[in-house]
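Take a look at the structure set out below.
The values are calculated or read from the model by the stated rules, or taken from the named source; none is laboratory data. Computed from a predicted structure; not experimentally measured. As a convention, Cβ positions derive from the backbone with ideal geometry for all residues, glycine included, and neighbour counts pool all protein chains shown. Remember, those area values only see protein heavy atoms, side chains included, never the ligands or the DNA or RNA. Shrake-Rupley method; radii C 1.70, N 1.55, O 1.52, S 1.80 Å.
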Amino acid sequence: MKYRTLGPDFEVSALGLGCMPMAGIGKGMYGAANADESIATLHRAIELGVTLFDTAEIYGPLVNEELLGRAIRGKRDGVVIATKFGFRYDENGMTGVDSTPANVRRACEGSLKRLGVETIDLLYQHRVDPNVPIEDTVGAMGELVAEGKVRHLGLSEAGVDTIRRAAATHPIAALQSEYSLWERDVEEAILPVCRELGIGFVPYSPLGRGFLTGQITSRDDLPEGDYRRNDPRYSEENFARNMEMVGVVKTIAVAHGASSAQIALAWLLAQGDDIVPIPGSKRRVTLEDSMKAADVTLTPDDLTKLDAAAPRGGTAGPRYGEKAMAMTRI
């Protein structure tokens with residue numbers, strides 16, 4: 001495994017592992033997960049040199065952090081734990097956002113307990129709360145750093161002005177936002193401001209929620225109840241057009257003796273040394289495939305072909321429905 005630096009001095013593996021599919025989400029998110037296989041996948045990731053493991057309070061809620069905590073027991077050395085706060089929820093699921101200082105502390109204390117650790121390596125605000133000044137939220141997060149409960153701070157899906165104001169309040173190590181061959185809008189303003197401020201970039205959904213792997217050839221391949229059946233980019237009117245870029249990815253994959261997932265991840269890695277994708281996996285076989293991307297080197301011709309096949313703004317359909325989109329870039 002190769003390694004990269006988020007912010008000025010925060011070293012992590014070049015590819016992290018998104019833990020969201022592993023527990024507490026159910027078959028509606030990327031299919032059902034098996035807890036034993038999820039834990040085996042986490043252990044295999046550690047063996048492969050993966051250090052960055054990404055979870056969140058809302059995944060489950062709560063049980064995703066608990067599963068990760070069980071998996072890293074006795075294996076904490078060298079493991080970088082990233083988790084997120086910022087939502088309200090009840091027994092029926094998420095009810096809104098909440099980044100008040102009181103909720104920042106409550107969420108952190110709960111995450112520490114569920115993860116079984118004394119310090120969270122990277123604490124993200126999951127989504128910006130428009131009702132709470134970012135200075136108040138990041139100020140509360142900074143207090144947790146001062147207390148030794150958190151090492152580094154991050155934001156997720158924040159807009160340019162929020163990023164600037166947050167960084168003026170406390171050093172920000174990483175911004176997590178969607179970025180992949182089929183979602184390149186961050187290249188216009190978000191990624192440049194991160195680089196200006198020395199903030200690392202962590203792409204989630206780097207495989208386009210599975211679309212870029214080439215394993216899904218029609219909507220019928222999605223399990224009943226899978227939320228992607230309501231994803232605008234997986235819709236009947238957009239699916240065929242978006243498959244065109246997958247064809248180019250597959251062609252390049254064949255030339256490299258690689259999988260389509262490896263090519264999509266290698267493209268992201270080639271966008272800059274400050275980029276650390278976190279492909280999600282709940283099985284060892286997909287984990288092992290994705291992690292090989294760190295050893296794939298794309299040629300200038302490969303990159304030109306991929307850029308032409310998947311230009312910024314070229315994907316058919318918005319990346320989220322209206323409600324979820326309204327929570328981004330604030």
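Near the amide H of Leu52, within less than 5 Å, lie the amide hydrogens of Ser13, Leu17, Val80, all on another chain or at least 5 residues away, with H placed in the peptide plane. Here the label points at Ala189 and Glu237, each 7 Å from Cα along the C-beta direction, are separated by 2.7 nm in the simple model. When nucleic acids and ligands are ignored and a 1.4 Å probe is applied, Arg114 ends up with an accessible area of around 50 Å². For the stretch 65-75, 3J(HN,Hα) computed residue by residue from phi via the Karplus equation (6.51, -1.76, 1.60; θ = phi - 60°) reads 4, 4, 5, 4, x, 5, 5, 8, 4, x, 10 Hz, glycine and proline entered as x. Efficiency by 1/(1 + (r/R0)^6): what FRET value for Asn230 and Tyr89, r their Cβ-Cβ distance, R0 = 25 Å, to the nearest 0.05? For R0 = 25 Å, the calculated efficiency reads 0.80.
Backbone amide hydrogens, once placed in the peptide plane, bring Gln176 within less than 5 Å of Leu155, Ser156, Glu157, Val202, excluding anything fewer than 5 places away on its chain. Are there any trypsin sites (Lys or Arg not before Pro) in the stretch 266-315 that are in a DSSP loop and have at most 15 other Cβ atoms within 10 Å? List them by number. Passing sites in the stretch 266-315 are Arg312. Values (i) 51, 42, 39; (ii) 132, 39, 33; (iii) 66, 51, 47 are given for comparison; Cα extents along the principal axes in Å, derived from the coordinates here, is the one labelled (i). The value obtained for the stretch 83-201, namely the Cα convex hull volume divided by the number of residues, is 113 Å³ per residue. In order along the stretch 162-174, the Karplus-derived 3J(HN,Hα) couplings, from 6.51 cos²θ - 1.76 cosθ + 1.60 at θ = phi - 60°, round to 5, 4, 4, 5, 5, 5, 6, 8, 7, x, 10, 7, 8 Hz, and Gly and Pro are given as x. Computed about the Cα centre, the dipole magnitude for the chain is approximately 400 debye when only Lys and Arg (+1) and Asp and Glu (-1) carry charge, each at its Cβ. What the Kirkwood sum gives for the stretch 1-82 is a hydrodynamic radius of 13.1 Å, with every pair of different alpha carbons counted. If you take the charge dipole of the chain about its Cα centre, with +1 on Lys and Arg Cβ and -1 on Asp and Glu Cβ, which of Leu207, Leu144, Leu287 is farthest toward its positive end? Comparing the listed Cα positions along the dipole, Leu287 ranks first.
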